[in-house]
Structures are given as structure tokens and as C-alpha cells.
Amino acid sequence: MKCNKCGATLTDSSFCNNCGANVKIYKKLISASNALYNRGLDKAQVRDLSGAKEDLKNSLKVYKKNIPARNLLGLVYFEMGDVVAALSEWIVSKNYQPEDNIADTYIDAVQKNAGKLDAYNVALKKYNQSLLYARNGSLDLAVIQLKKVLSIHDKFVSAHLLLALVAIQTNQLELARKELKKVLHIDRGNVMALNYFNETDLLRGKSADKKSSRISRDAVAYTSGNETIIQPKGAAEGSSGRNVVLDILLGLVIGMAVCWFVFAPAKIQSANNTANQQVIEYSDQLEAKNATINAMTEEINSEKAARTAAEAQAEAANGKVTSYDALFEAQKLEAEADFEGAAEAIAKVNVEDLEEGAKEIYNQVNSSVNATVIEDLYKAGEASYNAGKYEEAKTSLEKVIAVNPQHDYAVYYLARSYERLGDNENAKKYYQQVVEMLSPETQRAKTAKAYLDAHQ
């Protein structure tokens, strides 16, 4: 691992031995980015390309210079037929690491397939034409055009999905299902394809239970965040004996690219310009953080009279480290399906301490926790309250509002629990929140107001 300030090799120390920069947070960000990269790689290996794409994009949001993550994202895009997006990622990758970068190999492999690139250029033009046909209501023409596209570029996921959608609109349900199966063969986690499958089942008059039964015969499902991913049995064990990364590389060698010469050189130059602009626009907030900490250290060393103020600032910086520690712990526990532990960890995060990329991870983890834990904790708290176990109710309900302070039922029953425990001060505190959160016409607001009036 290299120092982000001077490029020197880092040790286990929290400070760079060469320039003295504080690299503790920097190391944690790289660690989080690598964890997301590894998760994306695992999903790519079982051909959950949509899931892999999201994890890799999140990895780059945390640390934009993660070269393996960026190159793999390009491969995922490429395998899904989005060659322009793939090339863009590889070009950005080369901007960050001009030397010893496998992105050169990928780009060269694309360039050497000039014969097929012309055919893919035709396929792209036909796809765009089919979009116009579909928008204008000429669905039969769209179907014909899309079949021509896929005869040229059979891994063009967007074309398969559009053909499936048009087929659904024209009640060609078997054609739609055939195309959707092809999409899921390429990308087992494609949510849009799964949704279209559901639509075809509804149109065929099947119940949701029958649909689930159909899928479960040759697939297993698991939850990732707020989404349900469905993949064939044995995928996780690699029973197919194929490594998707190798598959993708082989696909590169045989020319699965779109129109290099259509976009070169102007398009490539445009992509380079875009990449450079991104480098400019995405300010390196981590470097700013390190600069701030270094400035604090210099101030302590040079200005003895300002020691107290500097120490206060250092404490604030430590608070940020604490928030990152809690976020990474929450992310780890959420991945291990320990949602209650994740809820406790995420409650310790001060969102204001986080950089933009880390905030997105926070939102993702927090959303998952809310979806899986909050209501269970609330129900447990309500049940304890109804059973007269007010101490237990208090404990559960406090966990709920620690994650979601706007859960009005949890706030109300927490106030009631404190009232039953004889803790009038806390009861008044939460009853006041109830009054502020709810319409005065609701019974809970009236109850809260009556208590506050009686205990003024």
C-alpha cells in the first residue's frame, strides 16, 4: 500500500514513515473498498453481474483509484454488452495507473477485432432503430430489428430485455420468457429480467406461489440489501467449473466489442477528456482530511500556546475515526446477517463525519438495517409492554429509535414504558416528541398532551 501524499510504501503504523502523514483513515477506506471489490468478484464468479456491478461501483465511490475494482467493472460491463461503459472504465483506469495496467491488454484485445467491430456497429445502429420503432408503436418492426441485433451480438443484455418487453406488449409470452432466460444466463441477478418474468407469469394466469415454485426447482434465492437475488443451484459452489473472469477475457479475445473504430479516435479522446474531468471534479477529500490533521500536528509542535485548541481539534478528528470504525463494523455485521449488531453499530455513526462515498455506504447499510431489524425490535418492545415487562420494552424500543428516531409508535410506547417505570422526566421527554411528531387529533397525541399537562 502506497502513501496517498508521497507515494512511499506504508507500514503497519498509522503514520507514513517518509512524510509523516496520518494514514489511518486512508487505510480504512482502502480496506473498505477492497472488501466491496472482493464481494463484487464473488458475485461475478457466479455470474450475478448486476450485483457485482453495484458492489464494484460502491468500491470506487469509497476509493476511486482501486484499479482492480475499476478493471473488473469494465469486464462486467463488457460481458453485459455495454462496451462503451467498459472502455470508459479502462481508460479511467489507465489515467490513474499508466504503467503495468491490465487495462492495456483489454483495450488492445478490442482494437484487434476490427472485422467483428463493423458487425457490432451495425448491431448498435439496429438497436437504436428498434428503440425508435418501439417508442413509435411499431412493435412488429422492433421485434424484427431486435432479432437481427441479437443474431450479431447475442450477449447484448439491453437488446434481450427490450425484445422481452416488446414481446410482453404484443402477448408473445413464450418469446419473452426465452429472451429473459438468455439474460439470466448472462446475468443471474438481473432484477429487471426477474421482474419481467413475474409479469409473464401474471399474464399467463399463474399465482405468485407457483412462480416461486417454478424458480425454486432450479434456483436458490438470497437477500442482498433490499433486493432478492435468484441464482441457479450450485452456483455458489462453482459447480459449472467456469470462472467468469476467464470467460470474460476469452470473450474479449474473440471480439465481443462495439464499434471501436466508430468511436476512435474522437470518441476515445472524448472518453479521456471525461475521465480527466472526473479526476478534477471528484476532489480528494481524504487528502484534505490528512492535510487538516498534519496542520494540527504542526500547530502543536510550533505553537505551544495553542496546545489546548489543537488537542480539541484532534479530539474532533478522533471522533471521525470513531464514526468510520462504527460504519465498517456495521457493514461487516450486515454482511454476516447480524442485523441487530449492525443496528447498534450504525447508531454510533455521525453522518457528518463521513465523506460522500462513505455516506452512500452508510445509507445502504442503514436502509438494510431498517428493513430487517426495526420492525422486529418494535414488535418485541410492544409485546413486552403489553406483557407488563416495561424494562424489557424500554430496551427494545430504545434500540428502535436509536436507528430510526422518527418511528412514532416506538417513541410513544417508550414514553409509556418510562411512565410505568415511574421515570417521569424521560416520560415527559418522549411524550413531548410524540406531540411534535403527530397530528393533535390522533389519540396518541392527545394521551401525550394530557400527561404533559398533568406533570408540568
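Do any of LYS332/LYS359; LYS125/LYS155; LYS65/LYS348 go past 22 Å between their Cα atoms, and which?
The pairs that break the limit, which is 22 Å between Cα atoms, are LYS65/LYS348.
Under 17 Å from the 7 Å Cα→Cβ point of ASN350, by amide nitrogen: which residues of segment 323-344?
323-328
Modelling each spin label as a point 7 Å along the Cα-to-Cβ direction, I'd like the VAL122/ALA383 distance in nm, to one decimal.
6.5
List every residue whose amide H lies under 5 Å from the amide H of PHE15, counting only residues 5 or more places away in sequence or on a different chain, with H placed 1.01 Å from N in the peptide plane.
Here VAL23 satisfy the definition.
Order the peptides 9-19, 424-434, 99-109 from the highest to the lowest mean number of other Cβ atoms within 10 Å of their residues.
In descending order of packing, they fall as 424-434, 99-109, 9-19.
May I ask you to derive the relative contact order of segment 60-137, considering only C-alpha pairs under 8 Å and at least 6 residues apart, and to give it as an integer percent?
20
Ordered by packing density, taken as the mean number of other Cβ atoms within 10 Å over each peptide's residues, highest first, how do 398-405, 356-363 rank?
On the way: 398-405: 19.1, 356-363: 17.5.
Ranked from most to least packed, the peptides come out as 398-405, 356-363.
Enumerate the calculated ³J(HN,Hα) couplings along segment 186-203 in order (Karplus 6.51 cos²θ - 1.76 cosθ + 1.60, θ = phi - 60°), each rounded to whole Hz, writing x wherever the residue is Gly or Pro.
Residue by residue, segment 186-203 yields 7, 9, 5, x, 5, 5, 4, 4, 5, 5, 5, 4, 4, 4, 5, 5, 4, 5 Hz.
Hey, what do the phi angles of segment 331-340 turn into as Karplus ³J(HN,Hα) couplings, whole Hz, using 6.51/-1.76/1.60 and θ = phi - 60°, x for Gly and Pro?
4, 4, 5, 5, 5, 8, 6, 8, 6, 5
Please arrange ARG420, ARG444 by counting, for each residue, the other beta carbons lying within 10 Å of its beta carbon, fewest first.
Values: ARG420 16, ARG444 20.
Fewest-to-most Cβ neighbours within 10 Å comes out as ARG420, ARG444.
What are the ³J(HN,Hα) values, in whole Hz, obtained from phi via the Karplus relation 6.51 cos²θ - 1.76 cosθ + 1.60 with θ = phi - 60°, for each residue of segment 67-79 in sequence order, with x given for Gly and Pro?
The phi angles translate into 5, x, 5, 5, 5, 5, 4, x, 4, 4, 4, 4, 5 Hz.
How many angstrom lie between the C-alpha centres of segment 351-388 and segment 166-208?
Measuring centre to centre over Cα atoms gives 34 Å.
The numbers here are math on the coordinates, done by the rules we state, and not lab data. Quick caveat: nothing in here was measured; it's all calculated off a predicted structure. FYI the Cβ positions are ideal-geometry reconstructions off the backbone, even for glycines, and counts take in every protein chain you see.
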